[in-house]
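Structure first, then comments.
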Amino acid sequence: MRALAETMAELYRTELVIYHRPARSGEVRISIGDPSQAAEQIGFKAKTALADGLAITLDVPERRVGLKARVVA
């Protein structure tokens, strides 16, 4: 999540400020994803970098130059 927050702050050209609060009931404390298993098992590999996908999603014009949104149905 920190990488996502850092990338969003960079796209919006703002300082990232993190406030730590006590965990809520039922909150996931540690989550580790491994995209290599998706690539191996179902042949899926992301073609868009996180920062580029966020730029498209958040409609950051100066970052979208040369990027195209792909529709997946």
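Computed quantities for the displayed model
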| quantity | calculated |
| --- | --- |
| Which numbered condition M8 misses (of (1) open to solvent by 60 Å² or more (accessible area, probe 1.4 Å); (2) assigned to a helix (DSSP H, G or I); (3) without any contact (Cβ under 8 Å) to a residue 40 or more places away in the chain) | (3) |
| The range 11-48, subset touching a residue at least 12 places away in the same chain (Cβ under 8 Å) and within 15 Å of V60 (Cα to Cα), residue most open to solvent (accessible area, probe 1.4 Å) | Y12 |
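The values are calculated or read from the model by the stated rules, or taken from the named source; none is laboratory data. Bear in mind the structure is a predicted one, so any value in this text is a computation, not a measurement. Note that each Cβ is placed from the backbone with ideal geometry, even for glycine, and that neighbours are counted across all protein chains shown. The accessibility values were calculated without ligands, DNA or RNA, using every heavy atom of the protein model including side chains. Shrake-Rupley method; radii C 1.70, N 1.55, O 1.52, S 1.80 Å.
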